[in-house]
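For reference, the structure is listed below as structure tokens.
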Amino acid sequence: MTKHANHLTSVSALMGVPVADASGRTMGHVREFAVSPSVDKNHVLGLVLRLAGARRGERQSLVAVGGLELTPTGDLHLRGQAAPTPMPEDDSYLLLERDLLDQQIIDVHGHKVVRVNDVDLVWETDGSAGSETMPGGVEGPGPGHGLSLRIAEVEVGTRGAVRRLLKGLPAATVDRIAARFKPSIIPWDFVDLIDRDPARRVRLKIEQDRLAKMHPSDLADILEELAPAERQALFTSLDEGVAAEALEEVEPKMQKALTESLDSEQVAGLVEEMDPAAAADFLAELPDERSEAILEEMDPEERQEVEELLEFSGDSAAGQMTTDYISLAEGAALGEAIAALRDFEGDVETLTHIFLLDEKEELRGVVPLVKLLLATEGTALAGLSDHIVSCDIHASGKKVAELFDKYNLRALPVVDAEKKLAGVIYAEQVIAQLRTKN
């Protein structure tokens, strides 16, 4: 090969390809592609060969990619003194054919689950020699030296499936037919492999920062698309706050499935991270014994909030409201509102208003957050209040929906019999309620 030349190939194209020794005699055929994620997750460390004449069940051999030559005709030969070594018996390697093909992976950018049909590879070389010892005593190429096999992308569309289906035909024929289909690929850097059994072998782990940046609804969609084992593996790998947000978005049946293998303390941690209204809805769907055990593990203050909401019907205003809101004295000024927003420990993204109360905790004002942006320092919040529209805690879900529609509301304060603010219903709760009825 010429210096710095690149040659595109794939797992399906290389499966079964013969590998010759230095004299040109076929010594074996490619059966797998070994990657050591702890060393280099972007390159194939070695090719796993079934040696010529080997008996069924006999251990396969591993030859380092750096110990190979790629001829101008695309044939593979051992280079110099390179020789295959016995394949380690442990599962220290990620094997591309075994561990990726037909496996479900997360398309982070497409926000969906897809299945791997093929893996695209690139032969690369700088024409120089050099080696270093890799795991298992395998001699591999040193950084930037000799032949290397880079993992470029995974095929998740029809093109990859066609290439696998036609495996064994001449490469030119396969490429010509596969080219008729539009590629659907995910760059290897964006691949998140789902590890259904972390103790089984080394796997590429899902990158938490990517999942954390997903909208909870997208993450919920992904969880619902997965098979049970992969779903559970993904959910238990999530950060507690991210897992709680996703749990709010899935259906009650799925909520039970995701948490049934967790102990009460673990579930309590998730419930404490959830919106109180969503937490109450979740616990209301569980058997009383399970729900009570979870409540006992919760922080007393947060447990009281959820227990109060559990007393109400899910179709009533009280059953839909949340106790995560900001309220201030009716005489408060702009600075106090900003300070309250900074100190708020709930989900800031759900907030739309600040509520003003008198000394009896009766509702006296409803201030949209957008008005705070336009106000000058020292402005009294009472002067920014909108017309107050509220409902009783026993109002039906139908009445709540009518009020949102009639007044084009984004938030509806809920008051008790003494006109004290009991909670707030946000538009997203109304939309979720309507969806469950359709």
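I'm trying to understand the selection: among the residues of the range 301-324, which are buried (at least 19 other Cβ atoms within 10 Å of the Cβ) and of a type in the set (A, V, I, L, M)?
Correct list: V306, L309, A317, A318, M321.
For the range 209-220, which positions are more than 17 Å from D189 (Cα to Cα) and open to solvent by 70 Å² or more (accessible area, probe 1.4 Å)?
The one that is more than 17 Å from D189 (Cα to Cα) and open to solvent by 70 Å² or more (accessible area, probe 1.4 Å): H215.
Looking at E297, E285, which is the one that is in contact with a helix residue (DSSP H, G or I) (Cβ under 6 Å, 6 or more places away or on another chain), surrounded by fewer than 20 Cβ atoms within 10 Å (Cβ to Cβ), charged (D, E, K, R) and at pLDDT 95 or above?
Checking each option against the conditions leaves just E297.
Test each condition in (1) hydrophobic (A, V, I, L, M, F, W, C); (2) open to solvent by 30 Å² or more (accessible area, probe 1.4 Å); (3) within 39 Å of the chain's Cα centre (by Cα) for M87 and report the one that comes out false.
(2)
For the range 211-260, list the helices (runs of 4 or more DSSP H) that sit wholly inside it and hold at least 3 residues that are at pLDDT 90 or above; which are they?
Fully inside the range 211-260 and qualifying: 216-225, 240-249, 252-259.
Counting just the residues of the range 325-353 that are at pLDDT below 90 and in a loop (DSSP other than H, G, I, E, B), which one comes out least open to solvent (accessible area, probe 1.4 Å)?
Among those that are at pLDDT below 90 and in a loop (DSSP other than H, G, I, E, B), it is G346.
Would you point out which residue out of L68, L51, L8 is crowded, with 20+ Cβ neighbours inside 10 Å and not basic (K, R)?
Answer to the selection: L68.
Quick one: is I186 at pLDDT below 90 and within 13 Å of the chain's Cα centre (by Cα)?
Judged against the criteria, I186 is not a match.
So in the range 354-394, with the set limited to residues that are in contact (Cβ under 8 Å) with a residue 60 or more places away in the chain and closer than 12 Å to S327 by Cβ, which one is nearest to the chain's Cα centre (by Cα)?
F355
Tell me, please, whether a residue that is open to solvent by less than 20 Å² (accessible area, probe 1.4 Å), in a helix (DSSP H, G or I) and closer than 30 Å to P216 by Cβ can be found in the range 395-402.
yes
The values are calculated or read from the model by the stated rules, or taken from the named source; none is laboratory data. Because the structure is predicted, anything quoted here is derived from the model rather than measured. Here the Cβ is made from the backbone with ideal geometry for all residues, glycine too, and neighbour counts use every protein chain on show. Each accessible area value is taken on the protein alone, full model and side chains, heavy atoms only, with ligands, DNA and RNA left out. Shrake-Rupley method; radii C 1.70, N 1.55, O 1.52, S 1.80 Å.
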